[in-house]
Amino acid sequence: MEYVRIVDVSLCHEYYNGSSCGFKVVPTLETAEILKREQTLCRIYDGKVRLMAPANAFLGKSVLSFYVKASIAEVWNVTYFDGIAHDEFPVAVVSAEKDPYFEGRSKESMPELQRMFGVIFLLELHIGSKRPLVCTVKVPTKKLRWCYCVSGVYAERDLSINDSLDADDPVQFDCVDKSPKLSLYVSRREIPIVSGAPSRFQLMDSATSKVLVKSLPNASGKTLAKASLDDGTRTIVAECFVNP
C-alpha cells in the first residue's frame, strides 16, 4: 500500500526562541478513531505532528483535533493568547487556505476539557487539500513589565537603566519604590519574555552616567510578582534581582 504525507506540523514557542520543547500533543478520542479508520500512520514527538496515510484516504474534508499540553510547567507563565476572553479556550486553526492563527472557542462547547488537566490549547488541522499540510504554529510569549529589584550598595542611589539595544526608541524605567535595602525600577511598557535573548539593559548612576552594571539579567517566566506603579495601580511584573 502506497502511503503519502498529509500533515507535517510543528509547534514552537517564541519564549524558547522557536524551539518546539515544552509541548505534549495528544489526539482527541474522535481524531484517534478517524486516524485508525483511515489507516493513518501517526508520529508525534517533540511538539511535531506528522501523518502518513494511504493515497486513497481522506478524500473528503476532515478536521483532526489534538490536545496540546505543557510538558514544562514554565510554559504556563510565559504564554499569552491576545484577544481571547477568559471564558473562551484558544484553538490553533491550521489549513491550506491561510496561515495558522489562534481563535477563541466557548469553553461550554468543549465539555471534555473539564475532565482533562494541563491542556493549553487545541490544535485543529483541516484536511482536504491535495497538497500536504506543512507549517509551523508559533505560540505567542507573554509580554510583561520588567521590574529590576536593586539591593546592596546601590539601593539608595539614584539610578537609571539604559537600553543598549534600541537607541531610537529605548525602554524607559521608573523608580516606584526606594528604601535603604531595596529599590524597584519598573519599565514603562511591556517587554516580551524570551529565554536566551541577549541582555539589553545596563544599570547607570544618574548623576555621573557611569555604567555600574554592564549587563543586567533578563526577565524569565519563573519570577512573576505584583508591583505598585507610580499612579497607585498594581500590575504583574517579571522581577529581576540585582545585588552588585
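Determine the dipole magnitude for the chain: charges of +1 sit on the beta-carbon of Lys and Arg, -1 on that of Asp and Glu, nothing else is charged, the reference point is the Cα centre, and the result goes in debye to the nearest 20. Dipole size: approximately 680 debye. Loop-located trypsin sites (Lys or Arg not before Pro) in the stretch 21-69 (DSSP state not H, G, I, E or B) with no more than 12 neighbouring Cβ atoms inside 10 Å: Lys61. Across the chain, C-alpha contacts under 8 Å between residues 6 or more apart give a mean separation that, scaled by the residue count, equals a relative contact order of 19 percent.
Tell me, what is the percent relative contact order of the stretch 132-221, built from C-alpha pairs under 8 Å that lie six or more residues apart?
30
Taking every DSSP beta bridge that has both ends in the chain, the antiparallel portion is near 75%. Take the chain and mark each of the GluC sites (Glu not before Pro) that is in a DSSP loop with at most 10 other Cβ atoms within 10 Å; the longest unmarked stretch, sites excluded, is 98-244. For a quick check, take a GNM of the chain with Cα springs below 10 Å and name the residue from Gln172, Gln114, Gln202 with the largest mean-square fluctuation. Answer for the Gaussian network model of the chain: Gln114. The order of Cys175, Cys147, going from fewest to most other C-beta atoms within 10 Å of their C-beta, is Cys175, Cys147. Within the straight-line cut-off of under 17 Å between alpha carbons, the lysines reachable from Lys222 are Lys142, Lys143, sequence neighbours fewer than 8 places apart in one chain being disregarded.
Each value in this text was obtained by applying a stated rule to the coordinates, not by laboratory testing. Note that this is a predicted model, so its numbers are computed, not measured. Neighbour counts are summed over all protein chains in view; Cβ atoms, including those assigned to glycine, are modelled from backbone coordinates with ideal geometry.
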